[in-house]
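Written out below as C-alpha cells is the structure these notes cover.
Values quoted throughout were computed directly from the atomic coordinates according to the rules given, and no laboratory measurement underlies them. Source: prediction; values computed, not measured. Cβ placement follows ideal geometry from the backbone for every residue including glycine, while neighbour counts extend to all protein chains displayed.
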Amino acid sequence: MQTRNYALPVLLASAAVLALSAQAVSAKPVGNPKVPPPAKPVELTRYLGLWYELGRYENRFEKDCDLVTAQYSLAEDGKINILNTCGWRKGEPGKSSKGKAMIVSDSGNAKLKVSFFGPFYVGNYWVLDHADDYSWSIVGEPTGKYLWILTRAPSPAFKVREDLRDRARELGYNTDLIRWTSQTPPK
C-alpha cells in the first residue's frame, strides 16, 4: 500500500489562496463596474490645449498630487502630444510626464490609446462627456478604476464642481471615491 504526502499540495494551495486574498485586499476599488460609451463625439481641435484637473480617482501615478494639469497638442505625425504635470506632491518639487495618444477608429475622436512608454499604446482614455463649449470634460476608461474631471478654469465655481460630480454619478461612478484636486499653490 502506497501512502501519499499531501503536505506540499496543501501548502501550495494555501499559499495561492493567501496571495489572492492579499491581492484582493490591496486591489483598487472599481468605481464604475459598467462604464458607458462616450456620450458624444469630440472635436479634436477644440479639445486640445490646457486642462486643469478638478478631481480624480486617486491612482499610483498621481498619488497625493495637486496643481495637476494636462496639456494636449497635435503632433506632426497626427498623434496627440501629452504633457501631464503634477505641480506639487507633499512638499516635493513638481514632476511632468510626456506621452502620446492615438485616436481609436470609429470612436468619434472620443476614445484614445495612450502611451507614456515608447511605442506601447496600452492605456485607454475615453472622453465620456464634455461641455458643448469644451469648458469641462469627464474622462474614464473601460475598467472603471480611473476617472478624471477636467476643466479649462483652474478653480471653477463650486456649483460647477457639484454639477460635474452629479454628471459623473449619472455616468455610473461612485463619487465618494473622487479626490478633489487643489489648484492653489501651498504657502
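Below, the figures for the structure above:
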read-out	value
Flag for residue 154 being in a loop (DSSP other than H, G, I, E, B), in contact (Cβ under 8 Å) with a residue 60 or more places away in the chain and within 17 Å of the chain's Cα centre (by Cα)	no
Residue within segment 177-186 that is in a strand (DSSP E or B), surrounded by fewer than 17 Cβ atoms within 10 Å (Cβ to Cβ), hydrophobic (A, V, I, L, M, F, W, C) and within 18 Å of the chain's Cα centre (by Cα) present	yes
Options 100, 145, 113; residue that is crowded, with 16+ Cβ neighbours inside 10 Å, free of Cβ contacts under 8 Å to residues at least 24 places away in the same chain and either under 13 Å from residue 42 (Cβ atoms) or not aromatic (Phe, Trp, Tyr) (or both)	113
Yes/no for residue 145 being more than 22 Å from residue 182 (Cβ to Cβ), part of a loop (DSSP other than H, G, I, E, B), of a type in the set (D, E, K, R) and in contact with a Gly (Cβ under 9 Å, 6 or more places away or on another chain)	yes
Any hit, segment 66-87, residues being basic (Lys, Arg) and within 26 Å of residue 156 (Cβ to Cβ)	no
Subset of segment 82-106 [assigned to a strand (DSSP E or B) and among the small types (Gly, Ala, Ser)]	87, 96, 97, 99, 101
Failed item, numbered, when residue 157 is tested on (1) closer than 29 Å to residue 122 by Cβ; (2) out of contact with any strand residue (DSSP E or B) (no Cβ under 9 Å at 6 or more places or on another chain)	(1)
All positions within segment 116-142 that are within 16 Å of residue 55 (Cβ to Cβ), within 17 Å of the chain's Cα centre (by Cα) and surrounded by fewer than 16 Cβ atoms within 10 Å (Cβ to Cβ)	none
Candidate set from segment 53-81 (those that are of a type outside the set (Ser, Thr, Tyr), assigned to a strand (DSSP E or B) and more than 14 Å from the chain's Cα centre (by Cα)); member that is surrounded by the fewest Cβ atoms within 10 Å (Cβ to Cβ)	74
Residue check, residue 85 within 24 Å of residue 35 (Cα to Cα) and touching a Ser or Thr at 6+ places or on another chain (Cβ under 8 Å)	no
Residues located in segment 107-136, provided they are in a strand (DSSP E or B), in contact with a helix residue (DSSP H, G or I) (Cβ under 8 Å, 6 or more places away or on another chain) and of a type outside the set (D, E, K, R)	127, 130, 136
